[in-house]
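The values are calculated or read from the model by the stated rules, or taken from the named source; none is laboratory data. Nothing here was measured: the structure is a model prediction, and the numbers come from that model. In this analysis, Cβ positions are derived from the backbone assuming ideal geometry, glycine residues included, and neighbour counts consider all displayed protein chains.
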Amino acid sequence: MSKSLELMRNIGISAHIDSGKTTLTERILYYSKKIHAIHEVKGKDGVGATMDSMELERERGITIASAATNVTWKNHPINIIDTPGHVDFTIEVERALRVLDGAVLVLCSVGGVQSQSITVDRQLKRYNVPRLAFVNKCDRSGANPIRVKDQLCEKLGHNAVMMQLPIGLEEKLEGVIDLITMQAVYFDGGSGDQMRIEPIPEALAAEAQKYRELLLDAVSMFSDELAEAYLEGKETTEQVKDAIRKGTLSLDLTPVFLGSAYKNKGIQPLLDAVLEYLPNPSEIPYMACDLDDNEKDYPITPKSSAPTIALAFKLEDGQYGQLTYIRIYQGEVKKGLELVNTRTGKRFKVGRLIRMHADSMEDIDTAPCGDIVALFGIDCASGDTFCDTSINVAMSTMFVPEPVISLAINLKDKKSEDKLSRALNRFTKEDPTFKTYVDHESSETIIRGMGELHLEIYIERMRREYGIQIETGMPQVAYRETITRTAPFDYTHKKQTGGSGQYGRVAGILEPSHEKDYEFVDEIKGGVIPNEFISSCDKGFKACLPKGKVIGFPIVGVKLTINDGNFHPVDSSDIAFQQAAIGGFWQAFDKAKPEILEPIMKVSIEGPSEFQGNILGSINQRRGIIISTTEESNFTRVDAEVPLSEMFGYSTVLRSLTQGKAEFSMEFLKYGKVPASISEQLKKEFQDKKKTEKKSK
């Protein structure tokens, strides 16, 4: 294995919104000499944090898109991805974790394990990512890092162990006690540049000894050598560090560090811990699928000399064209190298190869195995695998959650249609959780996403980046019309206009069908309607189905049987029998007691058991029917059937009811009857709309 691969680290900074991820990343950049001045997330200098390169991010003080950078700490190259904390941007976290080897889970020393910490932890477990915990904001009033460590054990099921203790807390935070070396570490200078090592203050010596015993007890489980040495009281620092590394890599141990990123305390020891305890790219066993051999497992060899395999995990459309972020799993990527996109089979040559630092870039000629870099001008989708032309393999793609909220958008200015089309194409390509389509019933452009903030950000980006003026409204629910009883019809279409006329008579019955949306039955005997006109009747009936007369939505669940009729040898024609069928359909439809159906969604909600009552109450308020509730440890899952019209805005409501700790998914299940009160309201709206259309004509 090459020395560069052994030294490299790929890490993500993940946490609940507002725990200090971006502030921590800013300090890491400063101490590793990547930047020469510290800027704050909500900085008064108007610059904003380095990693929040989007104007919207700086205004709102939140991270929207994950940003990549690289630093060097003690000759170790570290690729860092700063991810968003808001649940609406969960895909940014998913794709970052998909390509990282380790993570730093940032927790607020006051807030502790919060809602998004639970979601992020679930994502880390999905991709088996080893992690360190960093308890931030120890300078804040109410800070209690020991309580946060306990919450890691109780709420997330981690084997969390303190590696440090604070020297003072809240505004008296001075430094940390290193429980491995049993020394006190102070951070001097305005920016905490100088680290001063001193003996542990006497007042804290007994507590430090107690926590060191707990640390050694926990980590000796991972090393027999340490367990023996510990019993004899002869353990060495190296033995302790080796045992911590083993436990962390096996996901059975979460080392807990602490400090205050804002006050520049505790960052350098955290960087040392990243090198000591998180894996290098060769220590994680990765697999691909061999597309030439029934998708069998293809073990990846983390060597620069092996054939190249890379995964495109994020796309960005910038001013110079499409930028594709890739993680190199095997081999290396050089300028001019020919690669193949295994999804499309298209070959391409590597042109510009870029190393990213937030929104600035540096051209490079070669990227080694394990690195995270970016390519320019490659036509691909998020999750595509690029590999050497000598092999044909694919990496598993990331988990993409289904969008749960929709909005209708309308242009104020029709001249902007081209711009809107470009914007929607770009955003749907960059973000797999952002989807768009045109509703063929209402002709509205509908956008779908993970939450109100998610869609709000994209609408704001359309306004700023493309100069499009957009109005938003609720999308129309896809209602349906049907019939509830059987009704006969007998209709004669007669038209005489000089020369040959039109004549056709059709009789039969219209009845509900529970099997199909539309059934046609021919029971004509004795040739009362000639065979060639039977299909004309079928066409006429079908022409009535797209738009009903109750609220103007498609008609479903009808069975039409024709059993009588009449024709004229000269005046009967295809058109005449189509018109007769249309007349017969509407004659019977009014008598068959039509009603309105609405889409019913299958909704699954997962959240902490303490909020079960709130969740069940919110479903009942939305005309929902609870199908089942299951409890697993402290988590509850509720399955319900709820009308789609009641689900708009539910993500925001659910978050406020559960402190943001619950999440839900929904998919279409069936059509169900609309209650009488809502049915009357819909009919009135339809009649008013028709009157308005008549006046405008």
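Numbers below:
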quantity	calculated
Qualifying residue in segment 626-645 (condition: out of contact with any Leu (no Cβ under 6 Å at 6 or more places or on another chain), closer than 19 Å to Val477 by Cα and among the aromatic types (Phe, Trp, Tyr))	no
Some residue of segment 540-554 being assigned to a strand (DSSP E or B) and either among the polar types (S, T, N, Q) or touching a strand residue (DSSP E or B) at 6+ places or on another chain (Cβ under 8 Å) (or both)	no
Thr342 being surrounded by 15 or more Cβ atoms within 10 Å (Cβ to Cβ), modelled with pLDDT of 85 or more and of a type in the set (S, T, N, Q)	yes
Residue tally, condition more than 55 Å from the chain's Cα centre (by Cα), surrounded by fewer than 16 Cβ atoms within 10 Å (Cβ to Cβ) and assigned to a strand (DSSP E or B), over segment 492-539	3
Scan of segment 570-601 for residues that are closer than 30 Å to Pro403 by Cβ and out of contact with any Lys or Arg (no Cβ under 9 Å at 6 or more places or on another chain), ordered by number	Met601
Close pairs (6 angstrom Cβ cut-off, 6 or more residues apart or separate chains): in contact (Cβ under 8 Å) with a residue 12 or more places away in the chain in segment 416-438, hydroxyl-bearing (Ser, Thr, Tyr) anywhere	Lys419/Tyr466; Ala423/Tyr466; Leu424/Thr436; Phe427/Tyr458; Pro432/Ser382; Phe434/Thr428; Thr436/Thr428
Residue check, Thr366 surrounded by fewer than 19 Cβ atoms within 10 Å (Cβ to Cβ) and at pLDDT 85 or above	yes
Positions within segment 195-212 being more than 41 Å from the chain's Cα centre (by Cα) and either part of a strand (DSSP E or B) or of a type in the set (A, V, I, L, M, F, W, C) (or both), in sequence order	Arg196, Ile197, Glu198, Ile200, Ala203, Leu204, Ala205, Ala206, Ala208
Verdict on Gly345 being within 30 Å of Phe257 (Cβ to Cβ), under 29 Å from the mean Cα position of the chain (by Cα), small (Gly, Ala, Ser) and not assigned by TED's automatic domain parsing to the domain that holds Asn70	no
Strands (runs of 3 or more DSSP E) fully within segment 610-697 counting 2 or more residues that are at pLDDT below 90 and exposed (fewer than 13 other Cβ atoms within 10 Å of the Cβ)	625-632, 663-673
Residue count for segment 638-686, restricted to those that are of a type in the set (Val, Ile, Thr) and under 17 Å from the mean Cα position of the chain (by Cα)	1
Hey, Lys241 crowded, with 21+ Cβ neighbours inside 10 Å, modelled with pLDDT of 85 or more, under 30 Å from Gly168 (Cβ atoms) and over 28 Å from the mean Cα position of the chain (by Cα) or not	no
Hits in segment 148-190 - residues which are surrounded by fewer than 14 Cβ atoms within 10 Å (Cβ to Cβ), within 39 Å of the chain's Cα centre (by Cα) and in a loop (DSSP other than H, G, I, E, B)	Gly157
Residue among Ser250, Ser223 that is of a type in the set (Gly, Ala, Ser) and surrounded by fewer than 19 Cβ atoms within 10 Å (Cβ to Cβ)	Ser250
Residue count for segment 456-491, restricted to those that are in contact with a Lys or Arg (Cβ under 7 Å, 6 or more places away or on another chain), surrounded by fewer than 19 Cβ atoms within 10 Å (Cβ to Cβ) and not in a loop (DSSP other than H, G, I, E, B)	3
Residue selected from segment 122-147 under the condition buried (at least 19 other Cβ atoms within 10 Å of the Cβ) and assigned to a helix (DSSP H, G or I), by the criterion modelled with the highest pLDDT	Pro145
Subset of segment 319-342 [in a loop (DSSP other than H, G, I, E, B) and either over 21 Å from Ser396 (Cβ atoms) or in the same structural domain as Asp431 (by TED's automatic domain parsing) (or both)]	Gln319, Tyr320, Glu332, Lys335, Gly336, Leu337
Boolean, Arg27 is at pLDDT 65 or above and basic (Lys, Arg)	yes
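For every residue, the table says whether it meets (1) of a type in the set (Gly, Ala, Ser); (2) free of Cβ contacts under 8 Å to residues at least 12 places away in the same chain.
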position: Glu515; (1), (2): no, yes
position: Asp522; (1), (2): no, no
position: Gly526; (1), (2): yes, yes
position: Cys537; (1), (2): no, no
position: Cys544; (1), (2): no, no
position: Ile551; (1), (2): no, no
